[in-house]
Every structure is written in C-alpha cells, then in structure tokens.
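Below: one structure, written as structure tokens.
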Amino acid sequence: MLPIFDPSFPAPEKTEEYELPKYTRSKKVYAKLPGGYHYLNVSKPQPLIELQTAMLDPSYGRELVTGDKDSGYFRLHLNQYHTVETITCLSKKEIEIDNVCQVFGLHQEYMNSLEKRFDSDLISDFFAYFREPWCLLLFHDRFTELREEIKELLSQPNQPGEESLSEKVCQLVDEDLAIEEKTRQALFDQYSQSLAKQAVENRLFSYLSYNKYHLPHYAGRNMA
C-alpha cells in the first residue's frame with residue numbers, strides 16, 4: 001500500500017506467479033457450552049473435513065480417547081507418523097488451554113511413550129496425565145526452540161560427504177513408512193556411535209541447566 005500513498009517509494013517488482021501462504025500454526029476453537037461444559041478443539045490449518053470421511057483415508061492414523069462427557073472427554077488423533085494432529089476436549093472443569101495446545105504437533109515419544117502406555121492401560125485420564133511433573137518440559141516456552149536445535153544436530157553428517165542420520169531416516173520412510181525392527185536397530189546403533197548423540201546430549205543438559213529453576217524435576221548431567 002505504501003507506493004500508493006508515497007509516489008517516491010519504489011514499487012515492488014511484479015511477479016507472474018502467486019505463492020499461496022503457508023500456514024503452520026494450529027487452528028484453535030474454545031467455547032463455553034450450556035450445561036457448564038468447556039470445549040476445546042485444536043487441529044491442522046486446513047478446510048473442515050467430516051470425521052467419517054477423514055477416517056476413510058488409509059493415512060488417517062488412530063485415535064486415543066479417555067473419559068466421557070461426565071468425567072471429562074479427551075481425544076487425541078495421531079496421524080500415520082504418530083504425531084498429534086487433532087485434540088478434542090470436553091469437560092465441566094476449566095481446560096488448561098495453553099498447555100493442551102502445546103501437545104499439538106508432537107510425536108508420541110515426546111509424551112513419555114504415549115501409545116505404549118495407552119495400549120498397556122496405564123493411562124485412564126489424559127487431563128491428569130498431562131498434569132504429571134514429567135511433562136513440564138513440553139509446556140516450557142523454549143521447548144520448540146530446543147526441538148529445532150536437536151533436529152539441526154541430527155541433520156549434520158559424521159564426516160563430510162556422508163549422509164546424515166536424518167537423511168537416512170527420511171529416505172527409509174519415503175520407501176516404506178513401516179520400518180522393520182532390524183532396520184530400526186541398525187539406525188539406533190548408528191546413532192549411538194555417531195557424533196550427533198554426544199552433541200544432542202550436551203545440548204539437552206545445557207538446556208536443563210540453563211532452565212533449572214523452571215524445570216526442577218529433571219536430572220542434570222551430574223545426576224544422570
């Protein structure tokens with residue numbers, strides 16, 4: 001708009017191609033409903049799709065649900081990559097919106113092996129589960145930054161010209177989403193012997209040390 005009001009301002013170059021904006025943050029809907037209910041839905045930034053239609057997609061993933069409208073309903077939808085894609089909550093108690101929204105986009109392993117615990121009947125209430133001390137790190141304001149730094153460390157090769165561990169994993173997933181256990185173990189062994197492992201551990205302990213007053217429940221390097 002500035003070139004319209006200020007003729008001396010250089011007009012931007014016109015391009016023939018128009019790039020659509022890329023949305024990465026989640027959509028959030030919160031409401032107080034009749035009957036004293038609190039409702040929260042967190043989902044991908046995409047057009048609305050009927051649930052029954054979405055579930056027909058082979059890549060839909062799975063749903064993990066605890067409670068009901070009386071005890072507190074909490075539904076997590078994990079996509080084919082085991083990442084949280086949708087969150088739906090309904091409760092007569094006030095929902096901790098900021099904390100619950102932080103779970104969106106996380107892989108289930110970040111949440112203390114969520115699927116394994118759920119399938120073993122160790123989780124009966126997601127509201128209570130996400131109030132446990134272990135998950136304070138998930139809600140910390142610098143946790144996203146830590147994840148990005150670790151992702152960057154894993155993208156660095158051991159030696160110049162070598163494939164990084166991140167590149168190898170992406171290649172395997174592109175070939176077949178279901179990685180065989182033998183291949184998983186080989187990747188884990190490679191990670192254990194790589195420079196990335198030490199770099200990731202150093203960054204994690206540095207993070208916990210710097211934020212120890214906000215995250216007192218985690219063991220530092222000298223305690224591990």
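The values are calculated or read from the model by the stated rules, or taken from the named source; none is laboratory data. On a predicted model such as this, the values are computed, not experimentally measured, just so you know. Cβ sites come from the backbone with ideal geometry, for glycine too, and all protein chains shown count toward neighbours. Accessible surface is based on the protein model in full, side chains and every heavy atom, while ligands, DNA and RNA are left aside. Shrake-Rupley method; radii C 1.70, N 1.55, O 1.52, S 1.80 Å.
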Pairs with Cβ under 8 Å, 6+ apart, first in region 39-66 and at negative phi, second modelled with pLDDT under 85 and not in a strand (DSSP E or B): P45/Y23; P45/T24
What helices (runs of 4 or more DSSP H) lie completely within region 138-224 and have 3 or more residues being under 25 Å from T24 (Cα atoms)? 143-154, 165-175
If I filter region 153-162 for residues that are closer than 28 Å to Q80 by Cα, open to solvent by 90 Å² or more (accessible area, probe 1.4 Å) and not small (G, A, S), do I get at least one hit? yes
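Determine whether A196 is surrounded by fewer than 16 Cβ atoms within 10 Å (Cβ to Cβ) and modelled with pLDDT under 90.
Numbers: surrounded by fewer than 16 Cβ atoms within 10 Å (Cβ to Cβ): no; modelled with pLDDT under 90: yes.
Answer is no for this residue.
Report, by residue number, each residue of region 89-123 that is part of a helix (DSSP H, G or I), surrounded by 13 or more Cβ atoms within 10 Å (Cβ to Cβ) and either in contact with a His (Cβ under 8 Å, 6 or more places away or on another chain) or among the basic types (K, R) (or both).
Here is the first cut: in region 89-123, the ones part of a helix (DSSP H, G or I) are 97-102, 108-111, 114-119.
Narrowing further to those that are surrounded by 13 or more Cβ atoms within 10 Å (Cβ to Cβ): 97, 99-102, 108, 110-111, 114-115, 117-118.
Once the filter is applied, which keeps residues that are part of a helix (DSSP H, G or I), surrounded by 13 or more Cβ atoms within 10 Å (Cβ to Cβ) and either in contact with a His (Cβ under 8 Å, 6 or more places away or on another chain) or among the basic types (K, R) (or both), region 89-123 yields Q108, E115, R117.
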Under the condition of being surrounded by fewer than 15 Cβ atoms within 10 Å (Cβ to Cβ) and among the polar types (S, T, N, Q), which residue from region 34-56 is nearest to G105 (Cα to Cα)? Q46
